[in-house]
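Let me begin by presenting the structure, written as structure tokens, before commenting on it.
The values are calculated or read from the model by the stated rules, or taken from the named source; none is laboratory data. Model, not experiment: these values are computed from the prediction. Glycine gets a Cβ as well: all are built from the backbone with ideal geometry, and neighbour counts include every protein chain shown. Side chains are part of the model used for accessible areas, which takes the heavy atoms of the whole protein and leaves out ligands, DNA and RNA. Shrake-Rupley method; radii C 1.70, N 1.55, O 1.52, S 1.80 Å.
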Amino acid sequence: MNQSNIIKKDLSNLPVKPNLNNYDKAYSEIKWQELEKNVDFFEDGTLNIAYNCIDRHALSSHKKNKTALLFESSTGEKETYTYLDLYKSTNKFANVLDNLGVEKGDRVFIFLPTIPERYTVFLGILKLGAIAGTMFAAFQEMALLDRLADSEAKIVVTNAVLYPRIEKIWKDLPNLEKIIIIERGSVDQPKGEKIIYYNHEMEKASEEFEAVHMQKDDPSYMLYTSGTTGKPKGVVHSHKDIVSAIATTKYVLDLQENDIYWCTADLGWVTGVVYGVLGIFGLGGTTVAFEGKFSAENWYKILQDYRVSIWYTAPTAIRMLMGSEIKPKEYNLESLRFLGSVGEPLNPEGVWWGLEEFGLAFHDTWWQTELGSISITNFQALDIKPGSMGKPFPGVYGAIIDDEGKELTPNEEGNLALKKDTVYSLMIGIWNNKAKFDSYFNGQWYISGDRAYKDEDGYFWFVGRADDVIKTSGERVGPFEIESALVEHEKVVEAGVIGIPDDLRGEIIMAFVVLKPEIGESEELKEELKMFVKGKLAGHAYPRKIKFIKKLPKTRSGKIMRRLLKAHELGLPEGDTSTLEDY
Ligand code: WTA
């Protein structure tokens, strides 16, 4: 790479000295054992994420009145919560669950928009030792049913607006005992024998609760995520993850005492959990939570009004901002000092645009739901090669390997893998699916499913997925989920779904649909099918492009050959078609 394409870091120019100021030194010296010291363990060697995120700060004289959460609602109302406030509310909520008979290991799911109660509920569940599951507020019945049925969730916490979607599927959820409704924002509350009201219960609950002592590998939160085959899988994480959440927030996102932090990811996704809650609260920092929708105006205004200094966001949002007529320079964004990006490839133009508009480059970070924290990344103190994901976090060993597990030489493309013992927050399991869990590993390696290469300087470069998983607007979608939704439509026989490149969203979902013989093809039907999937699965995960096709390419054993659909659509070579049935 041409040297002029590298963004050189001059640490003497930074307003604040970074927490990690020499990557090579840090990589050779920092060990996970050392990083555990940032976390408070109980005397018996156990720990609790919620204790580390809230209690230890609330119980200290210098942090208890510090602002933890700066909330702005979609209608512009502002609320502020201190660590002491969250201590009391999470204690109360843990008591509410305790009174309902929720026990350690039970699954309690959260289906809410970004409101302050969502933080209290999430941390209250962890405090009690139950497993917190989070779901994106755009999910519809099918996505909800998949998650709640598979996890056998006992309680769901939601609100009056979202409740009807759960109500419809409740009959198919024998383990779902109670639904807790957060009253905020609605006058008409749903009624029912098994419905409980949050404020009502919180008023009665005690403010005292001692965080349950959890083993390092006891489950803490779970998140359903998509793969190539089958329905979403429940990735289970443990209480020890707080160690790496804190370490990466400190050394990658460079959080320091006086920062105002904003991670734009929703709590329904792993970034929202780990960097919207665990890391920031674990370090006793101050975070912004914004309920409103994305728009250049809304976001710049949040950055300006709250004087955000650390901003962690995603490539699709960056590209949308780049394309907007509203420019960052119209706002006072002088407080910003560190920008991070995650979730999908960040094109070099995005990195350069940041430098041009904010005087700051975006730092691309790579990880996955299964990994639990940033694993390969750029750093404040490391030169950036725009387009590269950077280097492994200290303690993590990353490599490019072939299918046999042999490490490849620089610039050779292969499987991006990590030595499993070096990923501190690696998932502890896939819910009810040991075979799936085992399939991630090849000897000492965790196989990410991403293709990449490493250059001669040790920088990693993303190439693409090795499988059919789609990343659209940074969100992970499995083709099978969309195909399953489509075939539920009465006019559809079968469907094959792929991701195709899109300048704005990274990829968009495209469906090839086989209609029943008597059904005529039309543009209206395409719209109808889009709406149908939106209504079944989720507002964000629907095929933006649909093509009708007479027959799907399949292997002789009946598997849809999505690779071939993609090759035809994009005019790529077909590759090996020896397993293809007559087509
Ligand atoms: C993709 C999100 C390129 C990748 C935290 C990975 C990325 C999947 C990057 C995980 C990046 C994530 N550059 N691709 N910086 N970060 N990805 O589980 O394909 O939602 O395997 O976790 O997103 O998505 P997940």
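Brief remarks follow.
- Qualifying residue in region 117-137 (condition: open to solvent by 30 Å² or more (accessible area, probe 1.4 Å) and not hydroxyl-bearing (Ser, Thr, Tyr)): yes
- Exclusive hit being modelled with pLDDT of 95 or more and either open to solvent by 10 Å² or more (accessible area, probe 1.4 Å) or not acidic (Asp, Glu) (or both), set GLY496, GLY474: GLY496
- Number of the exception - LEU525 against (1) farther than 18 Å from ALA567 by Cα; (2) in a loop (DSSP other than H, G, I, E, B): (2)
- Enumeration of residues in region 47-79 that are under 30 Å from GLU297 (Cα atoms) and part of a loop (DSSP other than H, G, I, E, B): LYS66, SER73, SER74, THR75, GLY76, GLU77
- If only residues of region 346-363 that are open to solvent by 10 Å² or more (accessible area, probe 1.4 Å) and either within 15 Å of the chain's Cα centre (by Cα) or of a type in the set (Phe, Trp, Tyr) (or both) are counted, the one that is nearest to MET389 (Cα to Cα) is TRP352.
- Among the residues of region 270-325, those identified as surrounded by fewer than 23 Cβ atoms within 10 Å (Cβ to Cβ), among the aromatic types (Phe, Trp, Tyr) and not in a helix (DSSP H, G or I) are PHE290, PHE294, TYR306.
- Residue match in region 445-458 (condition: surrounded by 18 or more Cβ atoms within 10 Å (Cβ to Cβ) and not in a strand (DSSP E or B)): no
- Residue, nearest to PRO15 (Cα to Cα), within region 326-346, restricted to residues that are in contact (Cβ under 8 Å) with a residue 40 or more places away in the chain, more than 12 Å from the ligand (Cβ to nearest atom) and not in a strand (DSSP E or B): ARG337
Okay, residues lined up against (1) away from the ligand (no atom under 16 Å from the Cβ); (2) among the aromatic types (Phe, Trp, Tyr); (3) in a strand (DSSP E or B); (4) farther than 18 Å from ALA317 by Cβ:
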site	(1), (2), (3), (4)
ARG476	no, no, yes, no
SER484	yes, no, no, yes
GLU494	yes, no, yes, yes
VAL497	yes, no, yes, yes
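- Residue check, GLU349 within 16 Å of the ligand (Cβ to nearest atom), of a type in the set (D, E, K, R) and out of contact with any Lys or Arg (no Cβ under 6 Å at 6 or more places or on another chain): yes
To keep it simple, each residue is scored yes or no on (1) among the charged types (D, E, K, R); (2) more than 28 Å from GLU79 (Cα to Cα); (3) within 13 Å of the ligand (Cβ to nearest atom).
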| residue | (1), (2), (3) |
| --- | --- |
| GLU207 | yes, no, no |
| HIS213 | no, yes, no |
| GLY227 | no, yes, yes |
| ILE242 | no, no, no |
| THR249 | no, no, no |
| ASN258 | no, no, no |
| CYS263 | no, no, yes |
| ILE280 | no, no, no |
| GLY285 | no, no, no |
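- Looking only at residues in region 364-405 that are small (Gly, Ala, Ser) and farther than 24 Å from TRP32 by Cα, the one that is surrounded by the fewest Cβ atoms within 10 Å (Cβ to Cβ) is GLY405.
- When region 536-562 is filtered for residues that are among the basic types (Lys, Arg) and surrounded by 17 or more Cβ atoms within 10 Å (Cβ to Cβ), the ones remaining, listed by number, are LYS536, LYS554, ARG562.
- If only residues of region 12-69 that are hydroxyl-bearing (Ser, Thr, Tyr) and more than 24 Å from GLU207 (Cβ to Cβ) are counted, the one that is surrounded by the fewest Cβ atoms within 10 Å (Cβ to Cβ) is SER12.
- Options LYS566, LYS547: the member that is among the basic types (Lys, Arg) and in contact (Cβ under 8 Å) with a residue 60 or more places away in the chain: LYS566
- Considering each residue of region 419-429 in turn, at least one proves to be of a type outside the set (Val, Ile, Thr), more than 12 Å from the ligand (Cβ to nearest atom) and farther than 28 Å from PHE379 by Cα.
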